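**Student:** The structure under discussion is supplied below as C-alpha cells; questions concerning it will follow.
The values are calculated or read from the model by the stated rules, or taken from the named source; none is laboratory data. All values reported here derive from a predicted model rather than from experimental measurement. Positions of Cβ are backbone-derived with ideal geometry, glycine not excepted, and every protein chain shown enters the neighbour counts. Accessible surface is based on the protein model in full, side chains and every heavy atom, while ligands, DNA and RNA are left aside. Shrake-Rupley method; radii C 1.70, N 1.55, O 1.52, S 1.80 Å.
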Amino acid sequence: MQIERLAIPDILLLTPRRFADARGFFCETYNIRTMADAGIAQPFVQDNHSLSRQRGVIRGLHCQLAPHAQGKLVRCTHGAIWDVAVDARQASPSFGKWVSAELSAENGSQLWIPPGFLHGFCTLSEDVEVQYKCTDLWDRDCERSVRWDSAELAIAWPVAAGEAILSDKDAEAPGFSAVRDWF
C-alpha cells in the first residue's frame, strides 16, 4: 500500500496496490499490520456507507467530540468525491487549516482522518457511494457540524455555493468560529 502524508501530516492518503487481469482487479483495502505501521492503531468499530445520487452533494463538515471522537478511514467505491479534512484541534499549529484529496472508485485511494478533525466531501459525479470505517460508535450528543462554506476556512470547494446540495442540518451549521475547545 502506498502511504502519503498530506500537508497536515496527521492526514494520510492510502492507495492500495491493485492486481488486475481480464476479470477486473483485487486489492487489500485494510490490513491491521499495515495500518499500525502507518500509525493508525485504533480499532475500527463501525462501518458506514452513503449513497449520493447527484453531483454537487456536500456532506459535512462533521466530527464527534470525546468521549466518542472518531477517526475515519474513507474511500469512494462508486463515482468520485473531493474529500476534505479540517484540523479542529485548538492547540495544533494547523488549527483551522484544511487538506483535500480526490477519492474515486477508479483510483482506489483512501483518506485517514484521525480524531480531532472535521470531515466532509463533495460528490464529483452522480450515484456516488462512500464507505468509511470509524474508530468509535456514532453518538448524537457528541456530534458537531460546521458550515461547509465557513468564511474562516476558505475551503476551495469544487461546487458553487448556489449549486451545492445540502441536508438541512448541514445548511444550518454554524461557522468555524463555533469550534472552541472541542479537542
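**Student:** Which residues, counting only those in segment 101-113, are in a loop (DSSP other than H, G, I, E, B) and either buried (at least 22 other Cβ atoms within 10 Å of the Cβ) or hydroxyl-bearing (Ser, Thr, Tyr) (or both)? Give the steps one after another, and end with the answer.
**Tutor:** Step one: list which residues in segment 101-113 are in a loop (DSSP other than H, G, I, E, B), which gives 105-109.
Selection gives SER109 alone.
**Student:** Checking the conditions here, which among ASP149, ASP127, ASP139 is open to solvent by 20 Å² or more (accessible area, probe 1.4 Å) and under 22 Å from ALA66 (Cα atoms)? Break it down into steps so the answer makes sense when it comes.
**Tutor:** Numbers: ASP149 fails: under 22 Å from ALA66 (Cα atoms); ASP127 fails: under 22 Å from ALA66 (Cα atoms).
Exactly one of ASP149, ASP127, ASP139 is open to solvent by 20 Å² or more (accessible area, probe 1.4 Å) and under 22 Å from ALA66 (Cα atoms), namely ASP139.
**Student:** Could we say that LEU14 is of a type outside the set (Val, Ile, Thr) and farther than 27 Å from ALA173 by Cα here?
**Tutor:** Taking the combined requirement at face value, the residue satisfies it.
**Student:** Something else about it: Only one of SER145, SER167 is in contact with a Lys or Arg (Cβ under 7 Å, 6 or more places away or on another chain) and polar (S, T, N, Q); which? Step through it out loud before you land on a result.
**Tutor:** Numbers: SER167 fails: in contact with a Lys or Arg (Cβ under 7 Å, 6 or more places away or on another chain).
Sole residue among the options that is in contact with a Lys or Arg (Cβ under 7 Å, 6 or more places away or on another chain) and polar (S, T, N, Q): SER145.
So that you can scan it fast, the table gives a plain yes or no per residue for (1) over 18 Å from ASP136 (Cα atoms); (2) touching a Gly at 6+ places or on another chain (Cβ under 7 Å):
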position	(1), (2)
THR15	yes, yes
ASP21	yes, no
GLU28	yes, no
ARG33	yes, no
ALA36	no, no
VAL45	no, no
SER50	no, no
ARG53	yes, no
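**Student:** Here is a list: ARG18, ARG53, ARG33. Which entry is farther than 20 Å from PHE183 by Cβ, open to solvent by less than 90 Å² (accessible area, probe 1.4 Å) and more than 18 Å from the chain's Cα centre (by Cα)? Steps first, answer last, please.
**Tutor:** Details: ARG53 fails: open to solvent by less than 90 Å² (accessible area, probe 1.4 Å); ARG33 fails: open to solvent by less than 90 Å² (accessible area, probe 1.4 Å).
From the options ARG18, ARG53, ARG33, the qualifying one is ARG18.
**Student:** Being modelled with pLDDT of 95 or more and either in a strand (DSSP E or B) or more than 25 Å from THR77 (Cα to Cα) (or both) is the filter; apply it to segment 153-168 and report the residue that is most open to solvent (accessible area, probe 1.4 Å). Reasoning before the result, please.
**Tutor:** Looking only at segment 153-168, we keep the residues that are modelled with pLDDT of 95 or more, and these are 153-159, 163-168.
The next check asks that each one be either in a strand (DSSP E or B) or more than 25 Å from THR77 (Cα to Cα) (or both); those that pass are 153-154, 165, 168.
Values: LEU153: 9, ALA154: 72, ILE165: 60, ASP168: 117 Å².
Only one residue tops the list, namely ASP168.
**Student:** Something else now. So the check is Cβ under 7 Å with 6+ separation or different chains; which pairs have a first residue in segment 87-100 that's at negative phi and open to solvent by 50 Å² or more (accessible area, probe 1.4 Å) and a second one that's small (Gly, Ala, Ser) and part of a strand (DSSP E or B)?
**Tutor:** Pairs found: TRP98/ALA85.
**Student:** Spot the failing condition for HIS62; the list is (1) surrounded by fewer than 21 Cβ atoms within 10 Å (Cβ to Cβ); (2) within 24 Å of ARG140 (Cα to Cα); (3) free of Cβ contacts under 8 Å to residues at least 60 places away in the same chain, and only one is missed.
**Tutor:** HIS62 satisfies every listed condition except (3).
**Student:** Still on this structure, I have one more. Is it true that GLY120 is assigned to a strand (DSSP E or B) and surrounded by 13 or more Cβ atoms within 10 Å (Cβ to Cβ)? Please lay out each step first, then the result.
**Tutor:** Values: assigned to a strand (DSSP E or B): yes; surrounded by 13 or more Cβ atoms within 10 Å (Cβ to Cβ): yes.
Taking the combined requirement at face value, the residue satisfies it.
**Student:** Now for a different question. Name every residue in segment 1-15 that is of a type outside the set (A, V, I, L, M, F, W, C) and open to solvent by 60 Å² or more (accessible area, probe 1.4 Å), in order of residue number. Let's see the steps before the verdict.
**Tutor:** At the first step, the residues of segment 1-15 found to be of a type outside the set (A, V, I, L, M, F, W, C) are 2, 4-5, 9-10, 15.
Across segment 1-15, the qualifying residues are GLN2, GLU4, ARG5, PRO9, ASP10.
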